[in-house]
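Engineer: Can you keep this structure in mind? I'll have questions shortly.
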Amino acid sequence: MFQLPRALLWDHNAHFHPWLLRQVPQRCSRVLDVGCGTGALVRRLVERADFVDGLDVSAEMIDQASARTSATNVRWLRGDVLDADLHPEGYDAVTAVSSLHHMPLRPGLTRLASLLRPGGVLAVIGLYREESAADFAMAAASFPANAAVGAYLATRGRAGKPHDEGMPVQDANATFAEIRDAAGEVLPGAQVRRHLFWRHSLLWRKPGGR
Ligand SMILES: C[S@@+](CC[C@H](N)C(=O)[O-])C[C@H]1O[C@@H](n2cnc3c(N)ncnc32)[C@H](O)[C@@H]1O
């Protein structure tokens, strides 16, 4: 991928935090952030929820997240979401930013859905492997937009801060079409959309509840 100069880099994951926060109920009891990394989203969720669990399989990420947070309504949990021991009554919202593609797709979606209480919301920002003309068109639009946002942030002294170094990253295997098809099977009614900056969203509300 064409790389911007370091001074213009910015955090594509954090760009989607406002979208994610809009999907989480204004006031809720419990939220889980899956693959929380150094905890940037969790630090925003603690203002909205009574309790937030930040889960990551990397001990280093959990240590860094914990060291950066003074909030008392958060638990930092080290574990693999596929088999971690999490809240037995389920969560009002489960978020996952750039972590779904680290897991097998269908088991990952099934597990995320199972962690919600009835009526709970799953909000995912993910990566996909580009394959179709629509994927490449979105990627082509992302390059100049990426540079423009980086240049704008630089004028405000807020560029030059990509995601944290040392964060576990990997390439996406699943294409957008595969993610949309899997979501259609596992999470009927889910909305899956492409976005700029090499990301997709997935939004689903678990049936039932209030
Ligand atoms: C690319 S990072 C994104 C971190 C963070 N969400 C952000 O937006 O900055 C993906 C994170 O998911 C974590 N992860 C990968 N597979 C996981 C799993 N099965 N269970 C929990 N965390 C996982 C990785 O350790 C890594 O910290």
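The values are calculated or read from the model by the stated rules, or taken from the named source; none is laboratory data. Just so it is clear, the model here is predicted, and its values are computed rather than measured. Note: ideal-geometry Cβ built from the backbone for every residue, glycine included; neighbour counts use all protein chains shown. With ligands, DNA and RNA removed, areas are computed over all heavy atoms of the protein, side chains included. Shrake-Rupley method; radii C 1.70, N 1.55, O 1.52, S 1.80 Å.
Engineer: Can you tell me which residue is farthest from the chain's Cα centre (by Cα) among those in the range 48-83 that are within 18 Å of residue 21 (Cα to Cα) and within 12 Å of the ligand (Cβ to nearest atom)?
Structural biologist: Across the range 48-83, the extreme among qualifying residues is 53.
Engineer: Could you list, in sequence order, the residues of the range 174-188 that are part of a loop (DSSP other than H, G, I, E, B) and either open to solvent by less than 70 Å² (accessible area, probe 1.4 Å) or under 20 Å from residue 142 (Cα atoms) (or both)? Even if it seems obvious, please write down each step before you answer.
Structural biologist: Within the range 174-188, the subset part of a loop (DSSP other than H, G, I, E, B) is 174, 187-188.
174, 187 - these are the residues of the range 174-188 that are part of a loop (DSSP other than H, G, I, E, B) and either open to solvent by less than 70 Å² (accessible area, probe 1.4 Å) or under 20 Å from residue 142 (Cα atoms) (or both).
Engineer: Take the residues of the range 85-108 that are more than 9 Å from the ligand (Cβ to nearest atom) and within 13 Å of the chain's Cα centre (by Cα): which is nearest to residue 50 (Cα to Cα)?
Structural biologist: Residues of the range 85-108 more than 9 Å from the ligand (Cβ to nearest atom): 85-94, 104-107.
If we keep only those that are within 13 Å of the chain's Cα centre (by Cα) as well, we get 93-94.
Numbers: 93: 12, 94: 14 Å.
Here the residue is 93.
Engineer: Still on this model: Conditions first: (1) open to solvent by less than 50 Å² (accessible area, probe 1.4 Å); (2) among the hydroxyl-bearing types (Ser, Thr, Tyr); (3) within 26 Å of residue 24 (Cβ to Cβ). Residue 114 passes all but one, so which condition is the exception?
Structural biologist: (1)
Engineer: Okay, next question. So which helices (runs of 4 or more DSSP H) stay within the range 1-105 end to end and still have 1 or more residues that are crowded, with 20+ Cβ neighbours inside 10 Å and free of Cβ contacts under 8 Å to residues at least 60 places away in the same chain?
Structural biologist: Numbers: elements: 12-15, 17-23, 40-45, 59-67.
Answer list for the range 1-105: 40-45, 59-67.
Engineer: State yes or no: is residue 114 within 15 Å of the ligand (Cβ to nearest atom) and on the phi > 0 side of the Ramachandran plot?
Structural biologist: On the way: within 15 Å of the ligand (Cβ to nearest atom): yes; on the phi > 0 side of the Ramachandran plot: no.
Judged against the criteria, residue 114 is not a match.
Engineer: Right, another one. Looking only at the range 189-209, which residues are in a strand (DSSP E or B) and in contact with a Ser or Thr (Cβ under 8 Å, 6 or more places away or on another chain)? Full working, then the answer.
Structural biologist: As a first pass, look at the range 189-209 and keep what is in a strand (DSSP E or B): 191-195, 199-205.
191, 192, 193, 195, 199, listed by residue number.
Engineer: Identify, by number, the condition in (1) surrounded by 18 or more Cβ atoms within 10 Å (Cβ to Cβ); (2) of a type outside the set (S, T, N, Q); (3) at pLDDT 95 or above that residue 193 doesn't meet.
Structural biologist: (1)
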